[in-house]
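Contents: one structure, followed by commentary.
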Amino acid sequence: MWLDIVFIYAVFVLFGLVILKPVADRHIVSTAKYELTAIEHVMDQLREKLGYLTSAHITSLSCEEVTTLLRSEVFKSDVIKEIGLFRPSGEVYCTSSDLGNSFYLYKTIMDRLHENGVTLSYTKSKMTDERSVFLMFLGESKHGVSVVIPPRYIQRLLERSEDGVFYDVEVISRKIAERSDDSLGIDVFAQESKYYPLGIKLHTYTGYYIHYFVTHIWIGLLLGGIVSVVRVRYRQSKVSDATLESALQNALIDGEIEAYYQPIVNSQDRTIVGCESLVRWKSASQGMISPGIFIPLAEELGLVDDIADLVLASAIDMLTKNPELFEQRYISINISRSQILRKEFVYRILHDLKPQPHIARKLVFEITEEINFSSEERQILREHLEQISKIGLRVAIDDFGTGYSGLDFIRQYTFDVIKIDRVFVNSLGSDSTLIPLLQSMKGIANSFNMSVIVEGVEEERQVKILAELGFNHIQGFYYFKPMPKQELLTLLGQSPLNESHSKK
């Protein structure tokens with residue numbers, strides 16, 4: 001018996017070694033994306049903050065008048081070492097260090113500026129004696145700003161890299177921050193910026209994989225313990241459950257994970273006003289696997305962000321390619337607690353959607369009411385919601401009424417939509433206490449100028465009662481079940497609905 005138990009544990013430990021290597025690699029890819037996004041965010045902030053220096057008012061002033069202003073910007077920043085202003089010809093005519101004589105930027109730099117409006121360089125110049133990172137960008141007047149950033153600041157941004165992971169940072173293929181030995185590394189993971197001539201490489205060493213395996217080995221040990229208790233009779237079924245971890249990783253690669261969409265209908269005129277994006281796993285070997293099984297597993301394996309990225313990318317792609325079908329419609333996406341609190345997720349959203357306000361306005365992020373946040377997390381949540389709201393993206397509070405702090409939650413944060421949970425609909429018509437509750441929720445929504453969606457509606461009598469109470473935006477099986485992308489697009493081309501679409 002003991003040999004049997006030892007064998008089972010050994011199998012699960014080896015199984016963990018096999019599946020955790022690609023999971024650890026995916027984690028490193030996410031880390032590289034985050035590190036790169038953090039650097040890009042610094043560059044974006046500098047451009048936004050210093051963009052006024054290219055205005056006609058500033059460029060019309062003499063260098064003597066501008067120098068004090070430039071020095072003030074340097075003094076206030078822990079990023080900037082020097083600032084220079086240059087004319088459309090590339091002549092740097094004024095700097096915060098007041099060099100006296102002007103000089104010209106290299107032609108290769110000016111060519112990149114004329115092509116993209118912004119560029120980076122890593123070199124020496126008359127503005128600094130040591131090699132530094134130069135952020136250069138043009139304003140509408142074609143006057144430009146050159147910002148000197150010490151390499152040590154970039155290095156400080158990357159100090160949070162994990163044990164056993166080292167990095168190289170490159171600007172126009174020149175290394176500015178290097179902490180790696182290629183001869184000793186196991187793998188290299190590279191990411192290139194879409195917006196700047198900037199790249200980052202993360203080198204993984206043996207210590208990283210050992211640490212990652214030790215941290216996550218409890219998954220294999222737990223499964224091994226369960227199997228050893230029931231021994232041979234349940235061994236095959238438990239091993240099958242364990243292979244879900246590996247299957248989930250392969251499912252992402254093979255395209256088995258996809259977004260489904262459940263339409264939201266205006267019951268007054270039977271038009272589709274939007275839809276909620278839901279993730280589905282259609283396994284080639286096991287058929288449809290419930291989100292209740294694979295979403296918690298994805299959270300344990302660090303794959304939930306990959307799945308969320310897939311759902312978001314699918315929604316953006318559909319909005320971009322089918323503008324005529326979504327002219328008056330939107331897509332809502334469920335956002336987890338970890339995502340909305342993570343800075344790199346918000347940075348990525350701002351990066352991708354700020355240049356596309358017409359897409360951002362057609363997206364709604366759903367946050368569940370029952371999530372509990374600490375006081376520190378509430379402050380982070382407020383900041384992140386404000387940032388994404390500024391680009392036109394709307395936010396909904398999901399499962400409203402099921403938590404303990406619903407009213408306090410919507411009082412503290414700006415939400416655009418309330419989604420009422422199905423528990424207030426299931427017994428509608430037979431439970432007289434539900435109607436006053438729904439009326440109260442409607443009053444709360446009206447007082448905060450929020451629209452309302454009722455979820456989980458399955459019967460015609462529920463639709464009629466809700467309409468009498470003033471609830472017209474309905475989501476549920478009475479109208480539609482979640483459906484694949486192509487089926488949704490076909491349906492949207494037929495809206496408004498006819499009677500055959502009810503009770504699907």
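Read the figures in this text as sums done on the coordinates, not as results from a lab. Everything numeric in this text was worked out from a predicted model, so none of it was measured. Because the Cβ atoms are built from the backbone with ideal geometry, glycine has one as well, and the counts that use them run over all protein chains shown.
In sequence order, region 463-471 has phi-based couplings of 4, 5, 5, 4, 5, 5, 8, x, 9 Hz under the Karplus curve 6.51 cos²θ - 1.76 cosθ + 1.60, θ = phi - 60°, and Gly or Pro positions carry x.
Hydrodynamic analysis of region 302-479 uses the Kirkwood radius over alpha carbon pairs. Inserted into Stokes-Einstein at 25 °C and 0.890 mPa s, it gives a translational diffusion coefficient of 142 µm²/s. Of the peptides 385-396, 313-324, 85-96, the ranking by mean beta-carbon count within 10 Å, highest at the top, reads 85-96, 385-396, 313-324. 3J(HN,Hα) along region 83-95: 10, x, 10, 9, 7, x, 6, x, 7, 7, 9, 7, 9 Hz, from the Karplus curve 6.51 cos²θ - 1.76 cosθ + 1.60 with θ = phi - 60°, whole Hz, x for Gly and Pro.
Near Ile307, once Lys and Arg are set to +1 and Asp and Glu to -1 for all other residues with Cβ below 11 Å from its Cβ, the sum equals -4. Among 330-339, 251-260, the peptide with the highest mean count of other Cβ atoms within 10 Å heads the list, and the full ranking is 330-339, 251-260. Neighbours of Met136, meaning other residues whose beta-carbon lies under 11 angstrom from its beta-carbon, give a summed charge of +2 when Lys and Arg score +1 and Asp and Glu score -1. The alpha carbons of region 32-97 occupy a box of 43, 26, 18 Å along the principal axes, longest dimension given first. Among the trypsin sites (Lys or Arg not before Pro) in region 77-132, those placed in a DSSP loop whose Cβ has at most 15 other Cβ atoms within 10 Å are Lys126. FRET efficiency for the pair Gln412 and Gln494, taken as 1/(1 + (r/R0)^6) with r the Cβ-Cβ distance and R0 = 41 Å, rounds to 0.50. Under the convention that each Lys and Arg Cβ holds +1 and each Asp and Glu Cβ holds -1, the size of the dipole of region 304-441 around its Cα centre is about 400 debye. Averaging Cα coordinates gives a centre for region 85-137 and one for region 412-440; these two points are 60 Å apart.
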